[in-house]
Amino acid sequence: MTADPRVGAIRVLEANWRRSYTVPAGGLYPHQWSWDSAFIAIGLRHISPRRAQLELDSLLSAQWADGRLPQIVFNRERDDDYSPGGDFWRSETFSEAPDVSTAGLVQPPNHALAVWMVHDADPDESRRRRFLERAYPRLVAWHAYLRGRRSGTSGLARIVHPWESGMDNSPYWDAPLAAIDDDYAEDVPRPDLQHADASHRPSNAEYGKYLYLAARYRDHGCDDSDDATPFLLEDPAFNALWARSEQALALIAAQLGRDDSALAHGANAEAISSALESLWHPDFGCFVARDVRSDDLQPFRTVSGLVPLMLDGIGHADELLATLTGDHFALGRVALVPSHDLTAPTFDSSRYWRGPSWFNTAWLVAEGLATHGQPLRARAIADDAWRLAADNGFPEYVDPHTGDPRGTLDFSWTAALSLDLHERFIRGERP
Ligand code: 2M8
């Protein structure tokens, strides 16, 4: 056990820092990832608010002209160490792409929330460096991209690839991926298996389909108007984060004296929260993903379906709490919050997003518990996260039954978010 609990977390974040951003893990993930950077900044604000600002500034500066924030900003010196890399995406051939090399896909929109939390950690330093003035227009353009290019009549944003959910091999994606021809499963490069056990990672068959879908999106110009795309889904966590980030944009706009915009962001947040109702699955007691093509709700309980609890006005809060504390997620009786229903035949305690407990989703659920009058339960998650992270080398994820580390170690958002939970819920520092 680390004597000063902050020391281990700071060591991980120092080791993974690359001049203006933090890699998720030096070996497995050698580039800058979008929602990782936002989570990491939320932890970095306790160490150096200025560095947390830089983390977000560097990601926002990789924004495309159409407003999208890319899933990955590549370090081309590490092209051989991660697949698919900058040579696969060839973003330099897209007129709307920035000067740096990026992926064309996106990840969940947690950025405005992170910008607000980083500002709030040191408002004077933020004002001195005009952090909000710089970030606000970029965040507005990002959300406008989601509304204009990714939303349908339901009012929810759609993802076009499992990677865009951040929960790559969630059982939500099983049926849509099963409908894609298996021929794509052969010969996929797997540099990830140099750094993590194959039984902790997605399968080769899944990787084949990931690469097929990514190549198809790239070859359609990343233009979101591919009516025949085989993968088009609405995900609850993605949309809950969008709504929560609209709430944060309202605070940012008010801080900048733009009261009309603040009202508009508040209205957007309410509209997305209301639209989430279409993802409620009454038999499962949680939200689920919807396949836009077939209109089918995907019949699985996953942690994504609990994330809307972080919205103060969300319907079904009591049912979500019951699902979280019941047999399916067993809050308080297993490590953190499993990524998938403990009782489902598809549950796997080691394999990535099909069962293991992750620190970012535990953080999101703790936010939800604090929002809904359950501070003791939020504190229990903080205690658990801190102990599991510090005792196990800051693992990417853990087995919910044993707490044993899974995936890679020295993982940045594990360090950042366990530090944030520690500072807020254990030391009782700023919210
Ligand atoms: C994982 O996803 C990447 C692809 O984006 C991968 O498996 O290579 C996910 O856990 C995702 O949520 C995360 O952002 C990324 C980097 O930590 O790794």
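Quick rundown of the values:
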item: Leu342, Leu232, Leu256 arranged by Cβ crowding within 10 Å, fewest neighbours leading; result: Leu256, Leu342, Leu232
item: Built amide H within the under 5 Å cut-off of Val292, gap 5+; result: Leu232, Leu233, Glu234
item: Selected from Asp341, Asp391, Asp181 as most flexible by GNM, with the chain as the system and alpha-carbon contacts under 10 Å; result: Asp181
item: Translational D in µm²/s for the range 81-145 (Stokes-Einstein at 10 °C, 1.306 mPa s, Kirkwood Rh from C-alpha pairs); result: 113
item: Burial ranking of peptide ranges 295-306, 218-229 (average Cβ count within 10 Å, highest at the top); result: 295-306, 218-229
item: From phi via Karplus (6.51, -1.76, 1.60), per-residue ³J(HN,Hα) for the range 35-47 in Hz, x at Gly/Pro; result: 6, 4, 4, 5, 5, 5, 4, 5, x, 4, 4, 7, 9
item: HN-Hα J in Hz across the range 296-311 - Karplus 6.51, -1.76, 1.60, θ = phi - 60°, x for Gly and Pro; result: 7, 6, 7, x, 9, 8, 10, 5, 4, x, 9, 4, x, 4, 6, 8
item: Size of the chain as Cα extents on the principal axes (Å, biggest first); result: 53, 46, 43
item: Whole-Å semi-axes of the range 122-169's equivalent ellipsoid (Cα gyration tensor); result: 30, 15, 7
item: The range 110-171 - percent relative contact order, Cα under 8 Å, separation 6 or more; result: 18
item: Estimated D of the range 197-278 in µm² per second, where Rh is the Kirkwood radius over Cα pairs and Stokes-Einstein applies at 10 °C, 1.306 mPa s; result: 101
item: Relative contact order (%) - criterion: Cα under 8 Å, at least six apart; region: the chain; result: 17
item: Stretchable slack from Thr153 to Arg6, in nm (0.36 nm times residue separation minus alpha-carbon distance); result: 48.3 nm
item: The range 309-425, relative contact order in percent, only Cα pairs under 8 angstrom and at least six apart counted; result: 25
item: Rough spin-label spacing in nm, given labels placed 7 Å along Cα→Cβ, for Arg127 and Asp197; result: 5.2
item: Per-residue HN-Hα couplings for the range 415-420 [Karplus 6.51, -1.76, 1.60; θ = phi - 60°; Hz; x = Gly/Pro]; result: 5, 5, 7, 5, 5, 4
item: Area projected by the alpha carbon convex hull of the range 89-216, averaged over all directions, nm²; result: 11.2
item: For the range 250-318: rounded, prolate or oblate by the Cα gyration tensor [a/c cutoff 1.5]; result: prolate
item: Residues with amide H under 5 Å from that of Thr229, placed H, sequence gap 5 or more; result: none
item: Virtual spin-label span in nm between Arg333 and His401, 7 Å along Cα→Cβ; result: 1.4
item: Principal axis box of the range 293-360, alpha-carbon based, largest edge first, Å; result: 35, 33, 21
item: Kirkwood Rh (inverse of mean 1/r, distinct Cα pairs), the range 152-288, angstrom; result: 17.3
item: Per-residue [θ]222 nm for the chain (sum of -39500 (n - 2.57) over DSSP H runs n ≥ 4, rounded to 500); result: -13000 deg cm²/dmol
item: Rule-of-thumb Rg ratio for the range 23-116 [Cα; 2.2 N^0.38 Å; N residues]; result: 1.05
item: Kirkwood-based Rg to Rh ratio, the range 270-409, C-alpha trace; result: 0.97
item: Viscosity 0.692 mPa s, temperature 37 °C, Stokes-Einstein D of the range 163-235 from Kirkwood C-alpha radius, µm²/s; result: 247
item: For His340, distant residues with modelled amide H under 5 Å away; result: Val303, Gly355
item: Size of electric dipole in the range 347-430: Cβ of Lys, Arg +1 and of Asp, Glu -1, about Cα centre, debye, nearest 20; result: 220
item: Most mobile of Pro405, Pro98, Pro282 in a GNM of the chain (Cα contacts under 10 Å); result: Pro282
item: Mean-position separation - Cα centroids, the range 224-271 and the range 273-308, in angstrom; result: 18
item: Cβ charges +1 (Lys, Arg) and -1 (Asp, Glu), total dipole of the chain, debye; result: 1360
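Values in this text are rule-based calculations from the coordinates and carry no lab data. This one's a predicted model, so the numbers in the text were calculated from it and none came from an experiment. Note that we place each Cβ from the backbone using ideal geometry, even for glycine, and neighbour counts take in every protein chain shown.
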